[in-house]
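Notes follow once the structure below has been shown.
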Amino acid sequence: MKRAAVRYDGVAITLHWLIAAALTAQSLFGWFMDDIAARGTPARAGVVNLHKSLGLVLGALIVARLLWRLAHRPPPWPATVPARQQALARLGHGALYAAMLLQPLSGYVASNFSKYGVRFFGHPLPPWAPESRAAYAYFNGLHQTLGWVLALMVAGHVALALKHALVDRDGLFGRIWPPRAG
Ligand code: HEM
Ligand code: HEM
């Protein structure tokens, strides 16, 4: 089938793959945090704060990506993708962006309802909210649920991307894959 003529720009491609790798690593870090440093052990605070610090850097990258996306049109869909599928893909990508933003935001907001706040790479950021167990539990619960929601959405996204690459072979995958040199 004919290859799509246009592709995402270099910044969009770089941010897509950088964030995909960092988000996967950060989620694994979250899920294995209790194995890395059990609750109540001296190493725990340092490990949790490393997760928080890396999460804030990742959150900033995600905001930068969204701003870039809003300022730069993605390549137009090839005619091989039916209009209904285009609408669904737009919806799916929008949901991915929303979950990507809410994930670090919920963790950050939760931390501000705890007396520990955030130590950003050792630099204390004092909490701006009053200590509240209920508010912490709510936002922390959101953070935990979103971790799974995001993982499921990414699994669906990857399955669809592979379908385009291996079954449809319609060139969509090449739009976001770094161009070959030469
Ligand atoms: C954490 C992991 C990932 C996230 C959060 C993510 C998110 C996204 C988002 C939001 C878009 C839409 C880009 C836009 O129009 O602004 C996109 C595009 C795309 N992603 Fe991912 N992605 C991830 C991993 C992957 C992986 C592992 C693959 C391949 C196996 C992949 C394949 C693609 C493809 C082919 C497109 C372009 C679709 C098109 O041409 O419109 N993504 N991704
Ligand atoms: C995109 C960035 C982030 C991702 C992907 C992420 C992912 C995760 C995941 C998957 C967990 C494990 C949840 C579970 O136990 O089921 C977790 C735990 C946690 N995250 Fe994040 N996180 C991010 C950013 C942040 C930020 C910015 C903060 C705070 C400033 C934060 C604070 C926490 C805390 C405190 C826990 C432990 C909660 C507990 O065990 O009670 N995270 N994170």
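The values are calculated or read from the model by the stated rules, or taken from the named source; none is laboratory data. Just so it is clear, the structure is predicted and the values come from calculations on it, not from any experiment. Every residue, glycine among them, receives a Cβ derived from its backbone with ideal geometry; neighbour counts consider all protein chains shown. We work out accessible area using only protein heavy atoms, side chains counted, and drop any ligands, DNA or RNA first. Shrake-Rupley method; radii C 1.70, N 1.55, O 1.52, S 1.80 Å.
With springs only between Cα atoms under 10 Å apart, run a GNM on the chain and tell me which of Thr80, Thr41, Thr24 wobbles the most. Between Thr80, Thr41, Thr24, it is Thr41 that shows the largest mean-square fluctuation. If only the Cβ of Lys and Arg carry +1 and only the Cβ of Asp and Glu carry -1, the dipole of the chain around its Cα centre is close to 460 debye. Which angle from 0 to 90°, rounded to the nearest 10, does the C-alpha axis of helix 83-112 make with the longest principal axis of the chain? Compared with the principal axis, the helix lies near 10 degrees. Projecting the Cα atoms of Ala20, Ala181, Gly30 onto the charge dipole of the chain, computed from C-beta unit charges around the Cα centre, puts Ala181 farthest toward the positive end.
What accessible area per residue, rounded to a whole number of Å², is obtained for the chain using a probe radius of 1.4 Å?
Ligands and nucleic acids excluded, the figure is 64 Å² per residue.
Hey, any idea what the orientation-averaged projected area of the convex hull of region 10-175's Cα atoms comes to, in nm²? Projected area, direction-averaged: 11.3 nm².
The ellipsoid equivalent to the alpha-carbon distribution of region 83-182 has semi-axes of 38, 17, 10 angstrom, derived from the gyration tensor eigenvalues as √(5λ) and listed largest first. Ranking Ala129, Asn140, Leu152 by how far each Cα lies toward the positive end of the dipole of the chain (charges on Cβ) leaves Leu152 at the top. Here region 1-79 has an Rg and Dmax of 18.0, 59 Å, counting Cα atoms alone.
For the chain, the fraction of 1.4 Å probe accessible surface lying on carbon and sulfur atoms is 70 percent.
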